[in-house]
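Notes to accompany the following structure.
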Amino acid sequence: PARYFDTSTTEPISFFLSGLEELLSWKPDSNDDFNISSVPLAKRQPPLHSKRPRTLVCHDMRGGYIEDRFIQGSATRNPYVFYHWRYIDIFVYFSHHTVTIPPVCWTNAAHRNGVPVLGTFITEWTDGEKLCEAFLAGGEESYRAVSEQLARIAQRYRFDGWLVNLENMLSAAAVRNLPHFLRHLTAEVHSAVPGGLVIWYDSILQTGALKWQNELNEENRVFFDACDGLFTNYNWKEEHLERTRRLAGLRHFDVYVGVDVFARGDVIGGGFDTDKSLRLIRRHGLSAAIFAPGWVYEHLGEENFLQNENKFWGSLAEYLPTHSICVLPLATSFSLGMGTSRFLEGKEEEAGPWYDLSAQEIQPLYPEREGWLSTGCSLQDAWCGGSSLKVQGTIPPGEEHVVVRLFSLQMPAPPKLFLTLLYKLEGPHPDEFAVSLELTTWDSGTCHEGNVTSLPEPNSRHHPRFLPAPPPGLAKLLAACNRGSNGWTSRCYELALQDCSLRDLSLLVSRHQPSPQETPFTCLLGELRVLDTASVEASPPQVQNLVASQLWWQ
């Protein structure tokens, strides 16, 4: 069927639904199995409903369902990717189709990094009025049928809820039922999807008029009270934020103040001035909804996209509370889910562009320190996948090393950790540097390294012990302990901790000889793993009941 498979290539594709009839007649179909997310939502800290401002990203690009519709990837050159997952809380996939089901590759990439994904339910113009009249004015039975279908769709494809965006006038009968519909949809989504969310876009007033308010007020509060949050329109000033904060009361983190990165209309700041908008939003303790950050790609062009993307998110980092990893194992090759070649064990296996967000790996923090440290992605060389993490910086005069924070952690440390690292030093004098890992723990009177008699480290900084060879129980898994290849160096480490809580995982780049000059370095990271020894040594569960279906031979 054309909805599920590309008519020219037969490849499975992601799809949307148009109109009320398609929504109400939708049912699961064996052909749509490809659209079910295969990655459960990873846990992270702090959880979504913590007492701190959140960041929602609303992705709207060229009508949606472009190269990202190909579920098994495509040979796209310079595709759009998003990878600053550590800095955001919620990802919305937006298009102008009535029922925008997020392409499964986005759900997989976001979930792997702990971010929930929402689809969009949108009505607009006169067709939207008719559609709303049909399901809202009719009474309880008709709006319940719609909310039950939307909840079933999220449950079936394993994404996390809906942004509801009704951008047309409503009759008196329809607007009377709107809060009931939102309340019912929210309850249905909560029961069908663990941690599910329904967010309302600021467009309609309680009278049924279409009039964007750019704030939470008495005219639209009834809709905010019926669901998990409000996404405001973009043309606000500081007084709107003040009023919103007062009216929202304890729910101020549930108001996502809209920021259009394209800066359309009368806005405070978009583009590389988006930080001005965020500064004000955070000053009033509100959450932010960053709309169309694909501006970086669409406006500044595809060629230098990765550098521009790091610059854009780096400029906002001060206003984006980050998230910590809270479960082991942590293993990543830093791949973005795209590349100009495919690499395996440091060797180019296949040249040519590829794009598959489902293959994106866990992404780190991307620390930037003006003038002396930048982290980015290198497509020119990788250990596995399409890219490696490129850390460039300078060791200042008189200093011995720099510490580059890659991941924030928040979990009790197991008694023994194994860490593995694959790296490559570039530049004229790679022999001048040593590369290793540093783990920090939260200060506590009880935490110490190794056995009980050893003293706690100052500042709770721990430097895992280098292992020339893997211990016998792990020889198979960690075969590459001292065997890099194709210019990559492989290292294994272990660290024994007692009563500790993990805090940060950093890369330590040090020079062998102290120097009065500053020393620049470039280091590629190809793979990083942090393993709990006990669970790795236990035998893995056996795979059972393996079935292959939907085979197409070419």
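The values are calculated or read from the model by the stated rules, or taken from the named source; none is laboratory data. Please read these numbers as outputs of a predicted model, since none were measured by experiment. For neighbour counting, all protein chains shown are included, and Cβ atoms are generated from backbone atoms with ideal geometry for every residue, glycine included. Heavy atoms of the whole protein, side chains included, go into the accessibility calculation; ligands, DNA and RNA do not. Shrake-Rupley method; radii C 1.70, N 1.55, O 1.52, S 1.80 Å.
At a glance:
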| item | result |
| --- | --- |
| Single match in 178, 182 (criterion: in the same structural domain as residue 287 (by the TED database), under 23 Å from residue 286 (Cβ atoms) and in contact with a strand residue (DSSP E or B) (Cβ under 9 Å, 6 or more places away or on another chain)) | 182 |
| Single condition residue 336 does not satisfy, out of (1) surrounded by 19 or more Cβ atoms within 10 Å (Cβ to Cβ); (2) farther than 21 Å from residue 114 by Cβ; (3) touching a Phe, Trp or Tyr at 6+ places or on another chain (Cβ under 6 Å) | (2) |
| Residue check for residue 124: in contact with a helix residue (DSSP H, G or I) (Cβ under 9 Å, 6 or more places away or on another chain) and either within 28 Å of residue 31 (Cα to Cα) or open to solvent by 10 Å² or more (accessible area, probe 1.4 Å) (or both) | no |
| Segments classed as strands (runs of 3 or more DSSP E), wholly inside the stretch 260-355, with at least 1 members that are in contact with an Asp or Glu (Cβ under 6 Å, 6 or more places away or on another chain), modelled with pLDDT of 95 or more and within 30 Å of residue 245 (Cα to Cα) | 287-291 |
| Top-ranked residue in the stretch 177-236 [being open to solvent by 20 Å² or more (accessible area, probe 1.4 Å) and among the aliphatic types (A, V, I, L, M); ranked as nearest to residue 167 (Cα to Cα)] | 210 |
| Residues being in contact with a helix residue (DSSP H, G or I) (Cβ under 7 Å, 6 or more places away or on another chain), assigned to a loop (DSSP other than H, G, I, E, B) and either outside the structural domain of residue 95 (by the TED database) or open to solvent by 20 Å² or more (accessible area, probe 1.4 Å) (or both) - total across the stretch 16-38 | 3 |
| Pair list, Cβ < 9 Å and 6+ apart or interchain, from the stretch 256-268 residues that are of a type in the set (Phe, Trp, Tyr) to residues that are open to solvent by less than 70 Å² (accessible area, probe 1.4 Å) and part of a loop (DSSP other than H, G, I, E, B) | 256/54; 256/232; 256/286; 262/270; 262/292 |
| Matching residues in the stretch 297-307 - criterion: being open to solvent by less than 30 Å² (accessible area, probe 1.4 Å) and in contact (Cβ under 8 Å) with a residue 12 or more places away in the chain | 297, 305, 306 |
| Residue check for residue 525: within 30 Å of residue 348 (Cα to Cα), modelled with pLDDT of 85 or more and touching a strand residue (DSSP E or B) at 6+ places or on another chain (Cβ under 9 Å) | yes |
| Residue satisfying condition, being part of a loop (DSSP other than H, G, I, E, B), of a type in the set (A, V, I, L, M) and either within 18 Å of the chain's Cα centre (by Cα) or assigned by the TED database to the domain that holds residue 504 (or both), within set 48, 56 | 48 |
| Enumeration of residues in the stretch 1-15 that are open to solvent by less than 60 Å² (accessible area, probe 1.4 Å), in contact with a strand residue (DSSP E or B) (Cβ under 7 Å, 6 or more places away or on another chain) and not aromatic (Phe, Trp, Tyr) | 6, 12, 13 |
| Failed criterion for residue 390 (all others in (1) in a strand (DSSP E or B); (2) at pLDDT below 95 hold) | (2) |
| Subset of the stretch 153-176 (residues that are crowded, with 16+ Cβ neighbours inside 10 Å and of a type in the set (Lys, Arg)) | 156, 158 |
| Condition met for residue 494 (in the same structural domain as residue 410 (by the TED database) and under 30 Å from residue 34 (Cα atoms)) | no |
| Conditions (1) in contact with a helix residue (DSSP H, G or I) (Cβ under 6 Å, 6 or more places away or on another chain); (2) open to solvent by less than 10 Å² (accessible area, probe 1.4 Å); (3) not in a helix (DSSP H, G or I); (4) not polar (S, T, N, Q); number of the one not met by residue 80 | (2) |
| Tally of residues being modelled with pLDDT under 95 and either in a loop (DSSP other than H, G, I, E, B) or open to solvent by 20 Å² or more (accessible area, probe 1.4 Å) (or both) across the stretch 367-382 | 7 |
| Flag if residue 419 is in contact with a Phe, Trp or Tyr (Cβ under 9 Å, 6 or more places away or on another chain), in the same structural domain as residue 504 (by the TED database) and within 30 Å of residue 50 (Cβ to Cβ) | yes |
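Yes or no, residue by residue, for (1) surrounded by fewer than 18 Cβ atoms within 10 Å (Cβ to Cβ); (2) of a type in the set (Val, Ile, Thr):
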| residue | (1), (2) |
| --- | --- |
| 266 | yes, no |
| 277 | no, no |
| 281 | no, yes |
| 284 | no, no |
| 295 | no, no |
| 312 | no, no |
| 325 | no, yes |
| 328 | no, no |
| 355 | no, no |
